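The values are calculated or read from the model by the stated rules, or taken from the named source; none is laboratory data. Just so it is clear, the structure is predicted and the values come from calculations on it, not from any experiment. Cβ sites come from the backbone with ideal geometry, for glycine too, and all protein chains shown count toward neighbours.
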């Protein structure tokens with residue numbers, strides 16, 4: 001499978017399942033033309049050839065057009081796990097007594113997922129883990145189980161896991177599967193030359209209710225507050241990657257004694273040696289994200305990517321420091337940039353930043 | 001009266017390109033085929049005009065994308081879209097994972113970025129033709145394309161070396 005952009009789009013595009021119905025299009029075209037001529041009252045069917053392209057707007061003039069797929073559409077419905085004892089296939093009995101455990105059988109009947117972590121939740125649950133015991137019908141033959149999970153169309157990330165065949169009794173693969181977004185995740189499973197698939201529902205992450213805004217009323221704040229700049233250690237890791245793009249790990253460590261929340265994108269810009277901003281701030285890389293709760297002494301991460309100004313063909317400045325605003329914070333942190341870091345100084349952004357997540361990018 | 005041979009030839013040539021572009025733009029293969037057929041009807045309706053254009057393929061793509069946008073304006077979009085994509089994802093073809101990832105990454109792009117990416121890198125329109133089809137400056141087409149490619153990079157679909165290559169191509 002090719003990796004270049006053209007190849008990717010060719011792989012993603014669908015091919016026609018039938019030939020073009022040109023005759024049908026022609027007669028429909030004639031009807032459309034007759035209808036239009038009738039409306040405009042022209043007596044003749046001749047259309048004068050014009051050299052300009054018809055005035056049809058491909059894109060709206062309104063620059064706030066919503067994308068075709070809203071980023072936060074409601075999670076698709078998914079079958080709930082069953083707790084009945086009579087719908088587990090007989091061949092799964094080799095895995096021992098699992099009566100009373102919530103489970104789900106794949107549509108092809110070859111895999112049963114016993115969900116010890118019921119209900120499954122998005123994010124990385126702290127109190128209770130997303131444990132799933134996969135029991136397969138066909139023998140493992142010592143081969144691992146390759147799991148991929150996707151959530152079309154809400155989240156384009158692919159969650160992968162690989163479970164070795166070391167457990168017993170029975171043809172079982174114990175696993176803990178975390179996904180970033182709630183919804184009906186589609187799992188494909190492959191082991192020892194066999195394939196199966198099934199959907200598992202993940203509920204919302206264990207984030208508490210939104211915090212109350214600071215008011216003078218006696219309202220009590222519900223759930224953790226946003227992490228404050230001054231109570232965090234914010235650092236930027238060493239450069240990663242090839243000459244065209246350089247990736248940096250921004251780390252946010254919670255130095256306070258209370259759990260706090262980092263939700264969404266940090267604000268990132270580059271300052272030159274005199275403290276002046278170079279160009280414009282980095283853009284937010286559009287992707288689905290969930291709030292990250294950061295326990296005391298725990299760390300959250302955001303990926304920062306800068307473009308090589310020579311490749312992007314823009315005038316360059318040398319960054320001395322990186323200014324970072326944690327999400328929803330008005331107080332910035334300043335971190336020294338790696339020596340000689342060149343970034344775009346013009347109107348095109350010097351790079352992009354991903355939303356804050358709970359696992360390191362590098 | 002059947003279609004003239006030049007109409008036949010044009011439609012046969014553009015059909016798979018229109019179906020492919022629309023499938024990437026809408027995320028729905030069946031819908032893409034319906035819209036492509038309707039696009040051909042428009043091509044036939046305006047053939048006298050279209051046949052004289054420098055870039056009739058670009059015109060056809062503009063009409064196709066307009067029909068797609070109209071379709072979504074007038075229907076219950078998100079629910080049908082979700083259902084169809086989920087249904088498509090359940091076909092257990094080999095390499096489904098990457099194909100799904102590509103389709104979803106493209107579907108999540110903002111409309112203008114998605115349009116620029118599909119016109120430039122699937123329909124292979126030149127920067128000038130894409131700018132004409134989108135009615136925006138050529139620099140905007142390049143910027144939108146670059147942003148779209150960066151998003152594909154963050155989805156893990158292309159490497160940095162490929163971005164460098166594509167950026168160079170845009171610059172020339």
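Against the test of being within 14 Å of chain B (Cβ to nearest Cβ) and either closer than 18 Å to residue A:253 by Cα or touching a helix residue (DSSP H, G or I) at 6+ places or on another chain (Cβ under 7 Å) (or both), the options A:331, A:295, A:302 yield a single qualifying residue, A:302. Evaluate region A:335-346: report whether one residue or more is more than 17 Å from residue B:150 (Cβ to Cβ), outside any strand (DSSP E or B) and in contact with a strand residue (DSSP E or B) (Cβ under 9 Å, 6 or more places away or on another chain). Among the residues of region A:335-346, at least one is more than 17 Å from residue B:150 (Cβ to Cβ), outside any strand (DSSP E or B) and in contact with a strand residue (DSSP E or B) (Cβ under 9 Å, 6 or more places away or on another chain), which makes the answer yes.
If I ask for residues that are farther than 17 Å from residue A:355 by Cβ and modelled with pLDDT of 90 or more, which ones from region A:236-253 would you list? Across region A:236-253, the qualifying residues are A:237, A:253.
Looking across region A:75-126, the residues that are modelled with pLDDT of 85 or more and under 23 Å from the mean Cα position of the chain (by Cα) come down to A:119, A:120, A:121.
Consider region B:1-51 and keep the residues that are surrounded by fewer than 18 Cβ atoms within 10 Å (Cβ to Cβ) and facing another protein chain (nearest Cβ under 7 Å). The one that is nearest to residue B:107 (Cα to Cα) is B:16. For residue A:6, indicate whether it is modelled with pLDDT under 90, in a helix (DSSP H, G or I) and within 7 Å of another protein chain (Cβ to nearest Cβ). Against the criterion (modelled with pLDDT under 90, in a helix (DSSP H, G or I) and within 7 Å of another protein chain (Cβ to nearest Cβ)), residue A:6 qualifies.
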